[in-house]
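Colleague: Mind having a look at this structure? Questions to follow.
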Amino acid sequence: MAAISQAAYRRASFVICRLHSTYVRKMRYLNELKEDDSLCRQAQSSGTFYLFHNLSPFLRKAGMKYLVPQLSGAEMKRILEKFKEAGQWIENSVLIGCSDEHVPHFALDLGALDKSVIESELKGSFTDLRKALFVVDGKDSPLLASAQSLLQWHDSHQYCSKTGQPTQKNVAGSKRVCHTSGITYYPQMSPVVISLVSDGNRCLLARQPSFPQGMYTALSGFCDLGENVEETVRREVAEEVGLEVESLRFSASQHWPFPSSCLMVACHALVRAQQAEISMNTLELEDARWFGLEEIVEGLKRDHRSSKQDDGSFLPWFPPKQAIAHRLISEWVKQQTSQLA
């Protein structure tokens, strides 16, 4: 029996090492592509491309699903030759990842070209990113979000903030350099906390006027300079709903492309039930309220369409699974349910 256990252990260890080494090789290959312009330029001929038009990704409908096509270098050349752009497209693409087999993935924005011609040629459509993230397969959403953020960063950093001179991106798009000042610019994300506030038996959700009708979500806000995550959570909760956080715990993090490439740091925040009277900041929020377990469970079953009532009003509904707020709410439900069991 001991021998069998040891054999099983060796097999499991081999699998773990193999997976780990695949990941390490993949990350080192990506780093080489970012640092070596010649190598990256060669990789573009064997890579695949995700297309955007003015930051909207290209999707293709297949039955009830939406697919994110990956075009080969040859396909890209064929399409762009129609616009006499074949020689320019290489320099405009950005590296966004690679497969375990080291097939590199690039993103390219064709905003300067006729959208309708491209859509007709490829039999699909360019779709607003907010919609695209919620209709494509879960594995494609992070890649689209990363690609759009990187393309947007390059579009807004074409000039040096010190000299005003044009900056030049490397082939991979992992940086831009001002050759006049010697300054190198790297893509950055803004840290944002998103906090699900609870008093032990209820959780607090809020909405802004810009939200879809009926949608409530967790509180969120940008980190100020000099703040750590804990300080930001406490400040945001105090500012937005007038409550003092007693304790908090980290849940998870997620890259989010709106409004402009954010790192969402998700936390659960506990306040005292005796001090749980909401004092809402009306400059930032349209509504904020406590929800019980039953209300949350029912709200998770709805979406924007199913929440609409005959009189035109909307029952509360919450962000879909792709958003980290959904994870926070689901974790709270699980915790409350386990306490009742």
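What follows is calculated from the coordinates using simple rules that are stated; it is not laboratory data. Since the structure is predicted, the reported quantities are computational estimates derived from the model, not experimental observations. Quick reminder, even Gly has a Cβ in these numbers, built from the backbone with ideal geometry, and neighbours come from all protein chains shown.
Colleague: Can you give the FRET efficiency for MET27 and GLU81, using 1/(1 + (r/R0)^6), R0 = 45 Å, r = Cβ-Cβ distance, to the nearest 0.05? Could you put the intermediate results ahead of the total?
Modeller: Details: r = 35 Å, r/R0 = 0.77.
Result of the calculation: an efficiency of 0.85.
Colleague: Rounded to the nearest 0.05, what FRET efficiency do ASP311 and ASN228 have when you use their Cβ-Cβ distance and R0 = 45 Å?
Modeller: 0.45
Colleague: By the scheme Lys and Arg +1, Asp and Glu -1, what is the net charge of all other residues having a beta-carbon under 13 Å from that of LEU39?
Modeller: Working: positive: ARG28, LYS34, ARG41; negative: GLU32, GLU35, ASP36, ASP37.
Taking every other residue near LEU39 into account, the sum is -1.
Colleague: Choose one of GLN42, PRO319, LEU143: the residue whose Cα lies farthest towards the positive end of the charge dipole of the chain (beta-carbon charges +1 Lys, Arg; -1 Asp, Glu; about the Cα centre).
Modeller: Of the candidates, GLN42 comes out farthest on the positive side.
Colleague: Please compute the length gained on full extension between PHE250 and GLN335, using 0.36 nm multiplied by the number of residues separating them and subtracting their Cα-Cα distance.
Modeller: Details: separation 85, 0.36 × 85 = 30.60 nm, distance 1.46 nm.
Between PHE250 and GLN335, full extension yields 29.1 nm more.
Colleague: I've got another one for you. For the chain, find the longest principal axis of its Cα atoms and tell me its angle to the long axis of helix 141-156, 0 to 90°, nearest 10.
Modeller: Helix 141-156 sits at roughly 70 degrees to that axis.
Colleague: Taking the chain as the reference, fit the longest principal axis to its C-alpha atoms, fit the long axis of helix 324-340 to the helix C-alpha atoms, and give the angle between the two in degrees, 0 to 90, nearest 10.
Modeller: Roughly 40 degrees between the two axes.
Colleague: With a/c under 1.5 counting as rounded, go ahead and sort region 40-110 into rounded, prolate or oblate using the C-alpha gyration tensor (a ≥ b ≥ c being the square roots of the eigenvalues; past the cut-off, prolate if a/b is larger than b/c, else oblate). All intermediate terms of the calculation are to be shown ahead of the outcome.
Modeller: Details: a/c = 1.78, a/b = 1.17, b/c = 1.52.
Here region 40-110 falls in the oblate category.
Colleague: So, R0 is 56 Å and r is the distance between the beta-carbons of MET280 and THR184; what FRET efficiency does that work out to, to 0.05?
Modeller: Values: r = 44 Å, r/R0 = 0.79.
Step by step, r from the Cβ atoms, then E = 0.80.
Colleague: What is the Cα coordinate range of the chain on the first, second and third principal axes, sorted by size from largest, in whole angstrom?
Modeller: Sorted largest first, the three principal extents are 66, 65, 50 Å.
Colleague: Within 10 Å, count the other beta carbons around each residue, average over each peptide in 236-249, 50-63, and list them highest first.
Modeller: Working: 236-249: 16.8, 50-63: 18.5.
Put in order of decreasing packing, that is 50-63, 236-249.
Colleague: Compute, for the chain, the length of the dipole vector about the Cα centre, with Cβ point charges of +1 (Lys, Arg) and -1 (Asp, Glu) only. Units Debye, rounded to 20.
Modeller: Working: 38 positive and 39 negative charges, 286 e Å.
In debye, rounded to 20, the chain gives about 1380.
Colleague: Still on this structure: Restricting to Cα pairs below 8 Å that are 6+ residues apart, what does the relative contact order work out to for region 24-156? Please round to a whole percent.
Modeller: Once normalised by length, the contact order is 31 percent.
Colleague: Let me make sure I get this right: for region 190-340, a, b and c are the square roots of the gyration tensor eigenvalues over alpha carbons, sorted descending. Under 1.5 in a/c it's rounded, otherwise prolate if a/b > b/c, else oblate. Which is it?
Modeller: Numbers: a/c = 1.44, a/b = 1.23, b/c = 1.17.
Rounded, since a/c falls under 1.5.
Colleague: Kindly provide the helix-only [θ] at 222 nm of the chain, computed as the sum of -39,500 (n - 2.57) over DSSP H runs of four or more divided by all residues, to the nearest 500 deg cm²/dmol? Don't jump to the answer; show the numbers that get you there.
Modeller: Numbers: 10 runs with 124 residues, N = 341.
Mean residue ellipticity, 222 nm, calculated: -11500 deg cm²/dmol.
Colleague: Find how many whole Å separate the alpha carbon centroid of region 193-210 from the alpha carbon centroid of region 270-306.
Modeller: What the calculation gives is 5 Å, centre to centre.
Colleague: A further question follows. Among rounded, prolate and oblate, which fits region 255-341 when a ≥ b ≥ c are the square roots of the eigenvalues of its C-alpha gyration tensor, a/c under 1.5 means rounded, and a/b larger than b/c means prolate? Spell out each step's value before the answer.
Modeller: Numbers: a/c = 1.17, a/b = 1.03, b/c = 1.13.
Here region 255-341 falls in the rounded category.
Colleague: Lys and Arg at +1, Asp and Glu at -1: add these up for the other residues within a Cβ distance under 12 Å of VAL68 and post the number. Please list the in-between numbers first.
Modeller: Details: positive: ARG60, LYS61, LYS65, LYS139; negative: ASP137, ASP140.
Neighbour charge sum, excluding VAL68 itself: +2.
Colleague: Can you sort MET189, MET215 from fewest to most other Cβ atoms within 10 Å of each residue's own Cβ?
Modeller: Values: MET189 15, MET215 21.
Lowest to highest Cβ neighbour count: MET189, MET215.
Colleague: Build a GNM of the chain with springs between Cα atoms under 10 Å: which of ASN201, ASN92, ASN170 gets the top mean-square fluctuation?
Modeller: Comparing ASN201, ASN92, ASN170 in a Gaussian network model of the chain, the most mobile one is ASN201.
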